[in-house]
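Chemist: Quick one: structure below, then a few questions.
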Amino acid sequence: MEKRSRFASLIGPPGLYLFLFFILPMGVMFVYSFRAGISGTAHDTFTLGNYQSFLANSNFHRLLWRSSFISLTISVLSTLLAYPLAYYLVFRAGPNRVTLMTLLIIPTWTSYLLRIFSWKLILGSSGVLNSLLISLGLIEKASPILIYSRGAVIVTLIYVWVPFVALPIFAALERIDKNLLEAAADLGCPAWEAFLRITLPLSLPGILAGFFFALIPTLGEFVTPLLVGGASGSMYGNLIQDQFMRALNWPMGSVMSMAMLLAVLLLVFILTRLGSLTDLVGF
């Protein structure tokens, strides 16, 4: 009984928090997806028409898959950039690693919108990047092609998420027993082979955690595409925002949100299955 009460006291508060702020809102949104009428005003009428309209609209599907591809691209590039950074902090920075990690995290303490607006200034027609290209003679006059594009969204979101991706990789590398690397070196194993056979497999949980850190939020991102993406860089989250805020079509917005949740779960399932396959082949 004492163990049960202790378990309940530990699990109760986070469980209640999870129910109130995640499960309950998801349930309300799921119910709204079956409501008839704009804003779900027909409370007594439930219909599958919202789902039928979503399935019949190819533009919704196209934007969802394009946003999924953008999120995968951002997650992969963020992981590739964050891994060498975390590796350096753990194995090369020495006693300065905590200080350097703090410097890496400090920009995340500032306003998210402020950081997005800074990139808007950097990529704008009169921004730093255009000025640099003009001074180098690569272009003759300022060009707005760097801003309001899909590439601008990808670059900005990679900048935002690299520190968050580096944190779980840093933690995974920290837990690696350094005696394993010393033993590999004593047995004549080259450094690159020790990395592939020891460091990389043991850090794989941190890599996957960091990858999902970037993948899941960016799929529903709407602020960054709105500020630096423009029409060509809009994502699926912008369409959901329009349904809720402009069209006031809450049932359709709920359907689109449920479709995005399904896409996230599908991507997570596929990637976790791939991780299981790499374990089976001994990677």
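Chemist: If only one of LEU114, LEU133, LEU138 is more than 30 Å from ILE216 (Cα to Cα), without any contact (Cβ under 8 Å) to a residue 60 or more places away in the chain, among the aliphatic types (A, V, I, L, M) and assigned to a helix (DSSP H, G or I), which one is it? Working first, answer last.
Modeler: Working: LEU114 fails: more than 30 Å from ILE216 (Cα to Cα); LEU138 fails: assigned to a helix (DSSP H, G or I).
Result: LEU133 is the single residue among LEU114, LEU133, LEU138 that is more than 30 Å from ILE216 (Cα to Cα), without any contact (Cβ under 8 Å) to a residue 60 or more places away in the chain, among the aliphatic types (A, V, I, L, M) and assigned to a helix (DSSP H, G or I).
Chemist: Given ARG66, ARG62, which one is surrounded by fewer than 15 Cβ atoms within 10 Å (Cβ to Cβ), under 30 Å from SER232 (Cβ atoms), touching a Phe, Trp or Tyr at 6+ places or on another chain (Cβ under 9 Å) and modelled with pLDDT of 90 or more? Working first, answer last.
Modeler: Working: ARG62 fails: touching a Phe, Trp or Tyr at 6+ places or on another chain (Cβ under 9 Å).
None of the other options fit; the residue is ARG66.
Chemist: Let me ask another. Counting only residues that are modelled with pLDDT under 90 and in a loop (DSSP other than H, G, I, E, B), which one in region 223-251 is farthest from SER118 (Cα to Cα)?
Modeler: So the residue we want is ASN249.
Chemist: So MET101 fits all but one of (1) touching a residue at least 24 places away in the same chain (Cβ under 8 Å); (2) farther than 20 Å from ALA166 by Cα; what number is the exception?
Modeler: Exception for MET101: condition (2).
Chemist: Residue check: is ALA171 closer than 21 Å to VAL76 by Cα and in a helix (DSSP H, G or I)? Working first, answer last.
Modeler: Values: closer than 21 Å to VAL76 by Cα: yes; in a helix (DSSP H, G or I): yes.
Considered against the rule, which asks whether it is closer than 21 Å to VAL76 by Cα and in a helix (DSSP H, G or I), ALA171 comes out as yes.
Chemist: Then there's this: Would you pick out the residues in region 59-95 that are in a helix (DSSP H, G or I), closer than 22 Å to GLY210 by Cβ, without any contact (Cβ under 8 Å) to a residue 40 or more places away in the chain and not hydroxyl-bearing (Ser, Thr, Tyr)? It would help to see each step written out before you state the result.
Modeler: If we filter region 59-95 for residues that are in a helix (DSSP H, G or I), which is where we start, we get 59-91, 94-95.
Among the residues that remain, those that are also closer than 22 Å to GLY210 by Cβ are: 67-91.
Narrowing further to those that are without any contact (Cβ under 8 Å) to a residue 40 or more places away in the chain: 69, 80, 84, 88.
If the condition is that a residue be in a helix (DSSP H, G or I), closer than 22 Å to GLY210 by Cβ, without any contact (Cβ under 8 Å) to a residue 40 or more places away in the chain and not hydroxyl-bearing (Ser, Thr, Tyr), then PHE69, LEU80, PRO84 are the ones that fit.
Chemist: If you don't mind, there's one more thing I want to ask. Hey, among the residues in region 134-176 that are farther than 30 Å from SER67 by Cα and within 32 Å of the chain's Cα centre (by Cα), which one's surrounded by the most Cβ atoms within 10 Å (Cβ to Cβ)?
Modeler: We begin by selecting, within region 134-176, every residue farther than 30 Å from SER67 by Cα; these are 134-141, 173-176.
From the residues that got through so far, the ones that are within 32 Å of the chain's Cα centre (by Cα) too are 173-176.
Numbers: LEU173: 19, GLU174: 13, ARG175: 11, ILE176: 17.
Restricting to residues being farther than 30 Å from SER67 by Cα and within 32 Å of the chain's Cα centre (by Cα), the top hit is LEU173.
Chemist: Hey, does region 97-109 have a residue that's in a loop (DSSP other than H, G, I, E, B) and touching a helix residue (DSSP H, G or I) at 6+ places or on another chain (Cβ under 8 Å)? Give the derivation first.
Modeler: Restricting attention to region 97-109, the residues satisfying the condition of being in a loop (DSSP other than H, G, I, E, B) are none.
No, because not a single residue in region 97-109 is in a loop (DSSP other than H, G, I, E, B) and touching a helix residue (DSSP H, G or I) at 6+ places or on another chain (Cβ under 8 Å).
Chemist: Would you confirm whether any residue within region 17-35 is touching a residue at least 12 places away in the same chain (Cβ under 8 Å), in contact with a strand residue (DSSP E or B) (Cβ under 7 Å, 6 or more places away or on another chain) and either closer than 29 Å to GLY229 by Cβ or not hydrophobic (A, V, I, L, M, F, W, C) (or both)?
Modeler: yes
Chemist: Would you point out which residue out of ASN179, ASN130 is of a type in the set (S, T, N, Q) and surrounded by 15 or more Cβ atoms within 10 Å (Cβ to Cβ)? So that I can check it myself, show each step before the final result.
Modeler: Working: ASN179 fails: surrounded by 15 or more Cβ atoms within 10 Å (Cβ to Cβ).
Exactly one of ASN179, ASN130 is of a type in the set (S, T, N, Q) and surrounded by 15 or more Cβ atoms within 10 Å (Cβ to Cβ), namely ASN130.
Chemist: How about region 202-225: which of its residues are under 12 Å from the mean Cα position of the chain (by Cα) and closer than 19 Å to GLY237 by Cα? So that I can check it myself, show each step before the final result.
Modeler: Residues of region 202-225 that are under 12 Å from the mean Cα position of the chain (by Cα), as a first pass: 208-221.
Result: PHE212, PHE213, ALA214, LEU215, ILE216, PRO217, THR218, LEU219, GLY220, GLU221.
The values are calculated or read from the model by the stated rules, or taken from the named source; none is laboratory data. Small disclaimer: the values here were computed from a predicted structure and weren't measured. For neighbour counting, all protein chains shown are included, and Cβ atoms are generated from backbone atoms with ideal geometry for every residue, glycine included.
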